[in-house]
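Trainee: Got a structure here, written out as structure tokens. Questions coming.
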Amino acid sequence: MSNEPASSVIEANDENFEQAVLQKSFEVPVLVDFWAPWCAPCREIGPILEKLADEGKGRFILAKVNMDENPNLAYALQIRSIPAVKLLVDGTLKDEFLGTIPEPEVREFLDRNLPTEQDREAKAGLDILQAGDSTAAEAVFRETLEQDSANAKARVGLGRILVDSGKWAEAKTLIENLDEDDEIRRDLVNLRAGILLYENAGVEQELLEALQRNPKDLAAQFALYCRYAIERKFQEAMEGFLEIVKSDRKFMDDAGRRGMIAVLDILPEGSELDSTYRNKLSSILFS
């Protein structure tokens, strides 16, 4: 078995594009150069891209696609002008440029779009967290933030651990002012929803006793339904929040609606409750 490192420059075509480019981009960024032998600008930009790919030593892979030999790709990807250079990260288009540009501008394009070492460490931490080892993941996130205190992925990852540990106030401070860019939007929305629920949840037995004394106590109701959501009793939480929406839209700045949105944000993808309660909420808000 060969121990030689994988080439930084590959040939992609109609047959291998799915595996060699799209799937590979989930492991490492893939820069795709759509070119043709007769294209003079292609012959200018091509060697620059190959040089930078070799220099990158695995930072990204350059996939060259000869458009004359792969017309199906040209049609499917709607490539109308070449050279067309597209950067794919995690299966999606991160950025692109058309035509030939000077080497310094190509370097700037790559530096602006390629993950940093800290980004790669944070992503590894998220994989560790996904595997269930929060202690090891927390160590990775904290080490990453020592090197890059603004790293959004590490902040979100550490924030998830803090919320699960009941340290929602620390998590709230950690993710303040983070932008919801494409790479972290779903995780950040989910985390902010969790923080809202944790910071408002109370002790279930105490809240049930309070509601026995005063069934119309909206503050106790809201705290109870937040607790239900944390315990993944999603339907009970949504029904409760919905009743608060019906009862008093002004309570705690429309807390019932905010509670429902928070639960919708943390529901597992594809949950049947999502569409059901979005429709119920819409029917109340726009009736």
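Trainee: Suppose R0 equals 45 Å. What FRET efficiency, 1/(1 + (r/R0)^6) with r the Cβ-Cβ distance, do E27 and D254 give to the nearest 0.05? Could you put the intermediate results ahead of the total?
Mentor: Working: r = 44 Å, r/R0 = 0.97.
For E27 and D254, the calculated efficiency is 0.55.
Trainee: Under a Cβ-Cβ limit of 4.7 Å, which cysteines in the chain have nobody to pair with?
Mentor: Flagged as lacking a Cys partner: C226.
Trainee: Decide, for segment 9-113, between rounded, prolate and oblate: order the square roots of the alpha carbon gyration tensor eigenvalues as a ≥ b ≥ c, take rounded if a/c falls under 1.5, and otherwise choose prolate if a/b is larger than b/c, else oblate.
Mentor: Cα axes put segment 9-113 in the oblate bin.
Trainee: I would also like to ask the following. Within 15 Å, Cβ to Cβ, of I79, how many net charges do the neighbouring residues add up to if Lys/Arg are +1 and Asp/Glu are -1?
Mentor: Within the 15 Å Cβ shell, the charges total -2.
Trainee: Would you mind counting up the charge near P115? Only other residues with Cβ under 12 Å from its Cβ, with Lys and Arg at +1 and Asp and Glu at -1.
Mentor: Once positives and negatives cancel, what remains is -2.
Trainee: Could you tell me which helices of the chain pass both thresholds, a Cα extent of 27 Å or more along their own axis and a mean Kyte-Doolittle hydropathy of at least 1.6, with helices taken as whole DSSP H runs?
Mentor: Sorted by number, there is nothing, because no helix extends far enough and scores high enough.
Trainee: Using a cut-off of 22 Å between alpha-carbon atoms, which lysines can reach K153, once sequence neighbours fewer than 8 places away in the same chain are excluded?
Mentor: K24, K94, K123, K167, K172
Trainee: Taking the Cα centre of segment 204-268 as origin, sum charge times position over the Cβ atoms of Lys and Arg (+1) and Asp and Glu (-1), and report the length of that vector in debye to the nearest 20.
Mentor: Dipole about the Cα centre, nearest 20: 180 debye.
Trainee: Would you mind working out the magnitude of the charge dipole of the chain relative to its Cα centre, with +1 at each Lys and Arg C-beta and -1 at each Asp and Glu C-beta, to the nearest 20 Debye?
Mentor: That gives the chain a dipole magnitude of about 1040 debye.
Trainee: I've got another one for you. Once R0 is set to 30 Å, what does the formula 1/(1 + (r/R0)^6) return for the Cβ-Cβ distance between Q19 and T116, expressed as a FRET efficiency to the nearest 0.05?
Mentor: 0.65
Trainee: Something else now. So if I place +1 on the C-beta of Lys and Arg and -1 on the C-beta of Asp and Glu, and nothing else carries charge, what would the dipole magnitude of segment 1-145 be about its Cα centre? I want it in debye, nearest 20.
Mentor: The calculation lands at about 220 debye.
Trainee: Provide the packing ranking of 279-285, 190-196, i.e. peptides ordered by the mean count of other C-beta atoms within 10 Å per residue, highest first.
Mentor: Descending packing order for the listed peptides: 190-196, 279-285.
Trainee: Between K167 and A150, what is the label-point separation in nm under the 7 Å Cα-to-beta-carbon projection?
Mentor: Result: 2.4 nm between the two label points.
Trainee: Set the Förster distance to 25 Å, then compute FRET efficiency between K57 and L93 from the Cβ-Cβ distance, nearest 0.05.
Mentor: On the way: r = 24 Å, r/R0 = 0.96.
Efficiency for this residue pair is about 0.55.
Trainee: Sticking with the crude label model, points 7 Å out along Cα→Cβ, report the distance from D179 to D127 in nm, one decimal please.
Mentor: 2.7
Trainee: Would you list which aspartates and glutamates come within 13 Å of K233, measuring only between C-alpha atoms, while excluding same-chain residues fewer than 8 positions from it?
Mentor: Once the sequence-local aspartates and glutamates are set aside, what remains near K233 is E204.
Trainee: Can you tell me which of 124-130, 92-98 comes out highest on packing, and rank the rest after it, using the mean Cβ neighbours within 10 Å?
Mentor: Details: 124-130: 17.7, 92-98: 14.6.
Ranked from most to least packed, the peptides come out as 124-130, 92-98.
Trainee: Also, quick follow-up: Per DSSP helix of 4 or more residues, -39500 (n - 2.57); summed, then divided by the residues of the chain. What does that give at 222 nm, rounded to the nearest 500?
Mentor: -17500 deg cm²/dmol
Trainee: Pop a pseudo-label 7 angstrom from the Cα along the beta-carbon direction at both R232 and E50 and give the gap in nm to one decimal.
Mentor: For the pair R232/E50, the computed spacing is 5.3 nm.
Trainee: Let me ask another. Run the numbers for E199 and N72: contour at 0.36 nm per residue of separation, minus the present Cα-Cα distance, in nm. Walk me through the intermediate numbers first.
Mentor: Numbers: separation 127, 0.36 × 127 = 45.72 nm, distance 5.36 nm.
Additional length available on full extension: 40.4 nm.
Trainee: Going highest first, how would you order 215-227, 73-85 by mean Cβ packing within 10 Å?
Mentor: Answer by packing, highest mean first, reads 215-227, 73-85.
Trainee: First check a/c for the chain, with a ≥ b ≥ c the square roots of the eigenvalues of its C-alpha gyration tensor; if it is under 1.5, answer rounded, and if not, answer prolate when a/b is larger than b/c or oblate otherwise.
Mentor: prolate
Coordinate-derived values only; no laboratory data. If you're wondering where the values come from, they're calculated on a predicted model, not measured in any experiment. Note that we place each Cβ from the backbone using ideal geometry, even for glycine, and neighbour counts take in every protein chain shown.
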